[in-house]
Amino acid sequence: MPQTPTDTSSGPPKSPQPQRSGKGLTRWIALICVLTAAGGVAWLKFQPGKDREPEPGEVMVLEPVQLNLAAGRYLRIGIALQLAEGIKEVDGSQALDATITRFSGLPLSAVDDAKERDQLKAALTDELTRLYPDQVLDSYFVEFVTQ
């Protein structure tokens, strides 16, 4: 039987293996991460209906309330809420509370002046859309009487 030579040397191997740097693997991982993130962004962007504004639905009229203005004056105010499509009704208590808070104690001149009244309505609508996200799109005055 032929004898096989055994390597008894403790030195480096005769044919050294090339050492690999982590740069190639790191580049592949970075590329995969970039492609995954781009795919996620594209998926979110092209979701049907995600990029469009909600469509208006029903209008919900709330009972008018009478408020005290400054100097013993009064305001009877009624509001309606423009609901988003598919929403049939919301709890109007927060809307009435926001309306009372916004208009109570104002001077008569603030509610009689059309420009100031429009600014008050815009601020009220902003608050209502914050209170009722994806449910209330706009608000309308349906009654506005001062005394």
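Laboratory data are not the source of any read-out in this text; all were calculated from the coordinates shown. Every value quoted in this text rests on a predicted model; they were computed, and no experiment measured them. Note: ideal-geometry Cβ built from the backbone for every residue, glycine included; neighbour counts use all protein chains shown.
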Inset, instruction - Work out, step by step, the length gained on full extension between W28 and R102: first 0.36 nm times the residue separation, then minus their alpha carbon distance; give nm to one decimal. - result: 20.9 nm
Legend entry - DSSP-loop chymotrypsin sites (Phe, Trp or Tyr not before Pro) across the stretch 58-147, with at most 10 other Cβ within 10 angstrom: none
